[in-house]
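Shown below is the structure under consideration.
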Amino acid sequence: MADFFIGGQWVGARAGGTREIRCPADGSLVAEVAEGTREDTEAAIAAARAAFDTGPWPSTPAPERGDILLRAAELLEQRKDTFARAESLDTGKRLVESEYDMDDIAACFRYFGKLAGQDAGRVVDTGNPDAFSRVVYEPVGVCGLITPWNYPLLQTVWKVAPALAAGNTFVLKPSELTPHTCVLLMSLLTDAGVPAGVANLVLGAGPAAGAPLSEHPDVDLVSFTGGLATGKVIAAAAAATVKKVALELGGKNPNVVFADADFDTAVDYAITAIFLHSGQVCSAGARLIVQREIHDEFVAEVVRRAELIRLGGPFDPDAETGPLISAAHREKVEQYVATAIEEGAVLRTGGRRPADERFKDGYFYLPTVLDDVRQGSTAVREESFGPVLTVETFTDEDDAVRIANDTHYGLAGAVFTNDASRAQRVANRLRHGTIWINDFHPYLPQAEWGGYKQSGFGRELGPTGLAEYQEAKHIYQNLRPGPLRWFSGEK
Ligand code: TXE
């Protein structure tokens, strides 16, 4: 079994060991892959270090690196079916969603490919004819990239594309649950022209194969997308060697609906915001915060629509949403719902596994609505990362903003209203990294993506997404070097 890509070669695990990858929709065996340990990751770090310190990539002209990323976009489009199928088998998500993801990934490669050569630095006016000063951008070095299972390749390429554009080398450790598209990515990057040793891949569990990326002194930057608890461990480990750190740690995202919003539109988005990919989305609209006068009618319609959602596996053309990623994750969601009900939430629909025999081998969970959740309760504070919508009620604009901001997360949020001024006012006051007005979920490669508060640190996408992977170096030259004689040595 040779699933690790190290120094341009496919290699097997040093200590042996394999892991079964099973499709979450029916438990069927997708493949067995090598299970990495600390030693495998250390070997990959050594390869990435050597490629950075002595290889051609960091000094390859930025436009040439950009061309390679453009080529990667083209190759991904040619191989889209293979990639999308692999993504759906690992995650259980609908094939059509995986296909959308591949389009977004190609767009991301293109965005950073074009950005690569655009900023060659700048000359700084010293005001002194005998001095010359400039700022240049350089790659940070070896990047450790640790990615999750909900959008395995998308979240990986959000890191890989800017890291490569800036001239870094990297070691990637994808989620142990969803490795396949990252394995395919290594061949794609090689075919696109990325030199040996620049892109390295290890597979395996976080504490064994992932942890060295946040600890090892030869890694200069660690970028992580995943859960808050793991993010804290990674940031603390990275502090020991003062690595650059970027974290995207999910959210508990408010969706604020005013009484004057277009009713059908707001209901439709409220449903999509939470039930897309069964709620396993970092920006899922998990908190519906609805104005009191429309609460009853609005929630009744959300519940009616939620009960119509058709569950199914990735290749079922009628399915509207799929399973949860694993048995353990479904148990976590079940526990979350049980705690919410204990704390006083009213279960309006769902709250259990589907009874249908068709779903017995998968990790399905019914779309769930919890009404009347109390502010400050676990249900509105903790991420369930499942198909669970909580409902809170507000009276006026100030109340809506106060409730929506009452969270330690701050990734994204939305406001639905037909009052254009109010929409802007509320968007300005929401303390979340992305705000949608009368919409939910769209993001653009050219606009920053990142969290306020405990949702993260550092930006992905947008021009500053590339800057995360660069050092800005100021180079100052004295054009008339000679002794300063600030001190004469005389009394
Ligand atoms: O994530 P982990 P899990 C949230 C969501 C979910 C919770 C836990 O609420 O229920 O996190 O999910 C690697 N050193 N999100 O346990 O552990 C791991 O191998 C280095 C939000 O699946 O964060 C995987 O590659 N790496 C989210 C990656 O971290 C370690 C997406 C993510 O796993 C490690 C997923 C360690 N010590 C879950 N421990 C989002 N922001 O979109 C684990 N890993």
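The values are calculated or read from the model by the stated rules, or taken from the named source; none is laboratory data. Since this is a predicted model, take the numbers as computed values, not measurements. All Cβ positions, glycine included, derive from the backbone under ideal geometry; neighbour counts span all protein chains shown. Remember, those area values only see protein heavy atoms, side chains included, never the ligands or the DNA or RNA. Shrake-Rupley method; radii C 1.70, N 1.55, O 1.52, S 1.80 Å.
Among all residue pairs at least 6 apart or on different chains, which show Cβ distances below 9 Å where the first residue, located in segment 265-283, is on the phi > 0 side of the Ramachandran plot and the second is of a type in the set (G, A, S) and within 12 Å of the ligand (Cβ to nearest atom)?
H277/A284; S278/G386; G279/A286; G279/S384; G279/G386
Starting from segment 109-133, take each residue that is β-branched (V, I, T) and list its partners that are open to solvent by 40 Å² or more (accessible area, probe 1.4 Å), counting only C-beta distances under 7 angstrom and pairs at least six apart or across chains.
What qualifies is V123/R134; V124/R134.
Something else: When segment 21-67 is examined, which residues are found to be of a type in the set (D, E) and either open to solvent by 30 Å² or more (accessible area, probe 1.4 Å) or modelled with pLDDT under 95 (or both)?
Narrowing segment 21-67 to residues of a type in the set (D, E): 26, 32, 35, 39-40, 42, 53, 64, 67.
Within segment 21-67, D26, E32, E35, E39, E42, D53, E64, D67 meet the criteria.
Something else: Among the listed residues P148, P174, P179, which satisfies the condition of being open to solvent by less than 10 Å² (accessible area, probe 1.4 Å), within 16 Å of the ligand (Cβ to nearest atom), touching a Ser or Thr at 6+ places or on another chain (Cβ under 6 Å) and at pLDDT 95 or above?
Selected residue: P174, the only one of P148, P174, P179 that is open to solvent by less than 10 Å² (accessible area, probe 1.4 Å), within 16 Å of the ligand (Cβ to nearest atom), touching a Ser or Thr at 6+ places or on another chain (Cβ under 6 Å) and at pLDDT 95 or above.
Can you pull out every residue in segment 188-223 that is open to solvent by 10 Å² or more (accessible area, probe 1.4 Å) and within 11 Å of the ligand (Cβ to nearest atom)?
A205, G206, P207, A208, A211, E215 - these are the residues of segment 188-223 that are open to solvent by 10 Å² or more (accessible area, probe 1.4 Å) and within 11 Å of the ligand (Cβ to nearest atom).
Sticking with this structure for a sec: Given the criterion touching a Gly at 6+ places or on another chain (Cβ under 7 Å), acidic (D, E) and crowded, with 16+ Cβ neighbours inside 10 Å, identify the matching residue among E460, E392, E397, E382.
E460
What is the one condition in (1) surrounded by 15 or more Cβ atoms within 10 Å (Cβ to Cβ); (2) closer than 18 Å to I435 by Cα that G313 does not satisfy?
(2)
Output the residues belonging to segment 237-259 that are open to solvent by 10 Å² or more (accessible area, probe 1.4 Å) and either modelled with pLDDT under 95 or more than 10 Å from the ligand (Cβ to nearest atom) (or both).
Correct list: A239, A240, T241, V242, K243, K244, V245, A246, A259.
If you scan segment 18-54, which residues turn out to be without any contact (Cβ under 8 Å) to a residue 24 or more places away in the chain and either touching a Ser or Thr at 6+ places or on another chain (Cβ under 8 Å) or part of a strand (DSSP E or B) (or both)?
T18, E20, R22, L29
Let me ask something additional. In segment 341-379, what residues are among the β-branched types (V, I, T) and open to solvent by 10 Å² or more (accessible area, probe 1.4 Å)?
Across segment 341-379, the qualifying residues are I341, V346, T349, V373, T378.
Could you list, ordered by first residue, the pairs with Cβ atoms under 6 Å in which the first is in segment 329-343 and closer than 19 Å to W149 by Cβ and free of Cβ contacts under 8 Å to residues at least 60 places away in the same chain and the second is open to solvent by 40 Å² or more (accessible area, probe 1.4 Å) and away from the ligand (no atom under 12 Å from the Cβ), at least 6 apart or interchain?
So the pair list comes out as R330/Y363.
Which numbered condition in (1) in contact (Cβ under 8 Å) with a residue 40 or more places away in the chain; (2) hydroxyl-bearing (S, T, Y); (3) within 16 Å of the ligand (Cβ to nearest atom) is the only one that T82 fails?
(3)
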